[in-house]
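To start, the structure itself, in structure tokens.
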Amino acid sequence: MDRRTMLKTAAFSVGAAAMGIQSLQAAESCKAQKGETIVKRYENDFYYDKNGKFLEDRARQAFYEMFEAYHYPTYDFLDKNIWFLDFGLGDFANVGMAGIFWLNREDYRYFSHDIYLLPGQMIPEHKHVQTAAAPAKMESWHVRNGSAYNWSEGEPTIPAISAPAESQKATINCRACELLKPGDIRHLGNVEKWHFLQATSEGAIITESATYHDGAGLCFSNPKAHA
């Protein structure tokens, strides 16, 4: 290849890359014009260092970008008490969450929790069982921003409207799936049943109201998962 051809090829590559960026910007501009909220999605290489260590500061950055996109208010209490989990699975872009326990009263057995899910992110499948300190947890969810799939045990949803993260498929018991949008409220069908939430490409902010949460009663279907 002579020098002139190399320069033309390089110029074409730069031009193609620029066109790709412009196309993405145009698509985002169209979404913005429609009033849709854009939440950036990062892949796993953003959340882990070269040794596979989970970087909570990166998770915080991604979630706070989502909070800003949805005009979700943050407070000192949130800043100090928000937590980020990859559940020890090393797949935070697809399986993980952030959350805040606003209240968790063992004496009166009530609980208030906001669940934060980035675009495409799911909570590992789990259930709540009775412990020595508390009955099995019962819970309800209220979608505030974005949208999410509510997965539960039951008849398979056909045609499928979503799929669990590839890393979790081997241990999933849930087959029923329903799309929840802002304002939708759903309840756990029965105590001690497998369930999980999975965000759409919009991400999701969900308020959970429940009975007292005893962490000892939290069980995951994936044996590698832990809180």
(message) Tell me yes or no: at least one residue of the range 118-131 is surrounded by fewer than 18 Cβ atoms within 10 Å (Cβ to Cβ), of a type in the set (Lys, Arg) and modelled with pLDDT of 95 or more.
(response) no
(request) Please verify whether the range 187-202 includes one or more residues that are open to solvent by 70 Å² or more (accessible area, probe 1.4 Å), assigned to a strand (DSSP E or B) and among the polar types (S, T, N, Q). (result) yes
(message) I'd like to know if the range 151-163 contains one or more residues that are of a type outside the set (Phe, Trp, Tyr), in contact with a helix residue (DSSP H, G or I) (Cβ under 8 Å, 6 or more places away or on another chain) and not in a strand (DSSP E or B).
(response) yes
(request) Name the one entry in Asp107, Asp57, Asp79 that is open to solvent by 20 Å² or more (accessible area, probe 1.4 Å), modelled with pLDDT of 95 or more, out of contact with any Gly (no Cβ under 9 Å at 6 or more places or on another chain) and not in a helix (DSSP H, G or I). (result) Asp107
(request) Please find, among Thr171, Thr200, the residue that is modelled with pLDDT of 95 or more, polar (S, T, N, Q) and over 15 Å from Gly96 (Cα atoms). (result) Thr171
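Results for (1) at pLDDT 95 or above; (2) polar (S, T, N, Q); (3) out of contact with any His (no Cβ under 9 Å at 6 or more places or on another chain), shown as yes or no for each residue.
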{"residue": "Ala160", "(1), (2), (3)": "yes, no, yes"}
{"residue": "His195", "(1), (2), (3)": "yes, no, no"}
{"residue": "Ile206", "(1), (2), (3)": "yes, no, no"}
{"residue": "Ser209", "(1), (2), (3)": "yes, yes, no"}
{"residue": "Leu218", "(1), (2), (3)": "yes, no, no"}
(request) Considering (1) of a type outside the set (Asp, Glu); (2) over 17 Å from Asn94 (Cα atoms); (3) part of a strand (DSSP E or B), say which one His213 fails and leave the rest. (result) (3)
(request) Scan Ala98, Ala132, Ala136 and give me the residue that is over 13 Å from the mean Cα position of the chain (by Cα) and within 21 Å of Arg186 (Cβ to Cβ). (result) Ala136
(request) Collect the residues in the range 146-161 that are at negative phi and over 14 Å from the mean Cα position of the chain (by Cα), keeping them in residue-number order. (result) Ser152, Glu153, Glu155, Pro156, Thr157, Ile158, Pro159, Ala160, Ile161
(request) Report, by residue number, each residue of the range 148-183 that is crowded, with 18+ Cβ neighbours inside 10 Å and without any contact (Cβ under 8 Å) to a residue 60 or more places away in the chain. (result) Ala148, Tyr149, Asn150, Trp151, Ser152, Pro164, Ile172, Cys174, Cys177, Leu180
(request) Identify the single condition in (1) free of Cβ contacts under 8 Å to residues at least 24 places away in the same chain; (2) small (Gly, Ala, Ser); (3) over 24 Å from Phe63 (Cβ atoms) that Gly215 does not satisfy, given that it satisfies every other one. (result) (3)
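The values are calculated or read from the model by the stated rules, or taken from the named source; none is laboratory data. These numbers were taken from a predicted model, which means no experiment stands behind them. Backbone-built Cβ (ideal geometry, glycine too); neighbour counts: all protein chains shown. Each accessible area value is taken on the protein alone, full model and side chains, heavy atoms only, with ligands, DNA and RNA left out. Shrake-Rupley method; radii C 1.70, N 1.55, O 1.52, S 1.80 Å.
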